[in-house]
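Structure first, then comments.
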Amino acid sequence: MVTNGNAGGSRGDMKITGSGSSNGGAFNQVKIMGDAVIHGNTDCETFKCLGNAEVKGSLYAGSASCNGAMKVTDAMKGGTVKVHGEMRVASEFAVGVVNVSGELGVGGRMSAEKVKIMGEMRVNADCQMEELQVKGTVEVNGMLNAERVDIKLYGPSRLRELVGGQITVKKSMGLPPLLGKFMPGSEGSLTAESIEGDIVVLENTKAAVVRGRNVTIGPGCRIGFVEYKDEFKQDSGASVSQSAKIGP
Amino acid sequence: MNEDDLISKKELLELTGISYGQLYRWKRKNLIPEEWFVRKSSFTGQETFFPKHKILQRIERIKNMKDGLSLDELADVFSPSSPIESLSAKHLIERNIVTKFAVELYEEECGSREALSFNDMLTVYVLQKLLQSGEMTREEGKMLIAVMRDHYGALENKAGELVLIRKLGVPLLFLAESAERIYFDKDVKRVFRMPLAASIEELKLKLNETEA
């Protein structure tokens, strides 16, 4: 079954049930139940996928939801994105609200307003958002810049730079989640080169440098150097090689 | 002014009194361009530095304007690309953005036009500024118009810089996309170096003001 969009004209719907393909184009609604490959750039108001979808090209979706696995081989832009399962975007990912339970992989830069992840987030370049909430693991090959960052660690996380307003990193408690490569007994950890924010609260974090106005270094941390302006608290279960107060 | 001067992030925050949160918020909103974050290695690992003159000026401007404008509006002001549509020359004069004199000189060179694009407006605006300050003669103004018309488009929304030199009374005007420092022989008199970014900001503010 092949469905093609009518670019420039009135927008129809694309509906693929079972197994099918399309050449992309402009649609009102795209609905995939089963397995579909879209060969070409696609622009739609809503994108729904139950099963497996691959867009060979770029995707713009006013809102996108996926239960299953979804892959975009170029950039993806749009409004809200909701994923249960797996989502991969090969280059830039620029959207509004993101909600993922499962796995999110971005090959390029990522920018969003509000992001909530249960599971795994991997971004291969810089990443920015107003609000980030993660329960699981984060891997960013660049700078993660967000106004509010809230990470609950389940498994190993890695970042180059973590910066923003309020940064909270906590170890997990209780039962391990079902997702991710989980090692029993591990509480999760974060490794970063530098962390900078106004209010920084860390647990189980390994970082060379932490800078902030109020810095709290909790249990399980190994920090090379802490620079703070107003307040610095260190848990007895943390190691900080050096700390300095700056300013008046 | 040494344009190579860099300032470390720590010094910058101390000097301006802004916080990490603010700095990174402004970066997210593109008020501070990514290129200004210069990474260099130091004894603590990587450190970030900024071009001192540019960043201090920019932060001052953001601090002054942020009460009146939203961060997104501010981002438009600082962006070298322009969302502003074209305007007629008559309109620009009525709104006191440019003088009739500058427009006339421009039209003498380019012919009279219905509407001026943002780049044309910028040319007229810069022309007027330089003529008024007395740094440039009418003849040099014509050179400016030609340079901007022929080459500014190629900069593709990068700001660039205008430079005027005179040697033995012969003026030479050029548009530089990027030049940290330029050295001339001793007979050359450097009349001005004008970064276009500041004029772009001013012009956008004026266009916004009179619209509101």
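The values are calculated or read from the model by the stated rules, or taken from the named source; none is laboratory data. Predicted model, so just to flag it, every value in this text is computed and none were measured. Ideal geometry is used to build each Cβ from the backbone, glycine not excepted, and the neighbour counts take in all protein chains shown.
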Candidates A:G105, A:G62, A:G20, A:G85, filtered to the one that is assigned to a strand (DSSP E or B) and in the same structural domain as A:T137 (by TED's automatic domain parsing): A:G105
Failed item in (1) within 25 Å of B:V77 (Cβ to Cβ); (2) exposed (fewer than 14 other Cβ atoms within 10 Å of the Cβ), with B:R181 passing the rest: (1)
Those residues of region B:4-32 which are in contact (Cβ under 8 Å) with a residue 24 or more places away in the chain, more than 25 Å from B:L69 (Cα to Cα) and more than 9 Å from chain A (Cβ to nearest Cβ), in sequence order: B:D4, B:D5, B:L6, B:I7, B:S8
Number of the condition not met by B:D120 [criteria: (1) closer than 15 Å to B:S199 by Cβ; (2) part of a helix (DSSP H, G or I); (3) modelled with pLDDT of 85 or more]: (3)
Residues that are closer than 13 Å to A:G142 by Cα and touching a residue at least 24 places away in the same chain (Cβ under 8 Å), drawn from region A:96-107: none
Selection within region A:108-154 - small (G, A, S), surrounded by fewer than 24 Cβ atoms within 10 Å (Cβ to Cβ) and without any contact (Cβ under 8 Å) to a residue 40 or more places away in the chain: A:G108, A:S111, A:A112, A:A125, A:G142
Options B:S112, B:S79, B:S70; residue that is over 30 Å from B:K189 (Cα atoms), surrounded by fewer than 19 Cβ atoms within 10 Å (Cβ to Cβ) and within 19 Å of the chain's Cα centre (by Cα): B:S79
Counted residues, region B:184-200 - those being touching a residue at least 40 places away in the same chain (Cβ under 8 Å) and part of a strand (DSSP E or B): 3
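Okay, residues lined up against (1) within 14 Å of chain B (Cβ to nearest Cβ); (2) touching a helix residue (DSSP H, G or I) at 6+ places or on another chain (Cβ under 7 Å); (3) within 19 Å of A:K77 (Cα to Cα):
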| residue | (1), (2), (3) |
| --- | --- |
| A:N99 | no, no, yes |
| A:R109 | yes, no, yes |
| A:M118 | no, no, no |
| A:V123 | no, no, yes |
| A:Q128 | yes, yes, yes |
| A:T137 | no, no, no |
| A:V140 | no, no, no |
| A:Y154 | no, no, no |
| A:R158 | no, no, no |
Residue within region B:46-59 that is touching a residue at least 40 places away in the same chain (Cβ under 8 Å), within 11 Å of chain A (Cβ to nearest Cβ) and farther than 27 Å from A:V226 by Cβ present: no
Flag for B:E109 being part of a loop (DSSP other than H, G, I, E, B) and of a type outside the set (V, I, T): no
Filtered residues of region A:201-248 (kept if in a loop (DSSP other than H, G, I, E, B), crowded, with 19+ Cβ neighbours inside 10 Å and within 14 Å of chain B (Cβ to nearest Cβ)): none
Residue tally, condition among the aliphatic types (A, V, I, L, M) and more than 18 Å from the chain's Cα centre (by Cα), over region B:140-197: 8
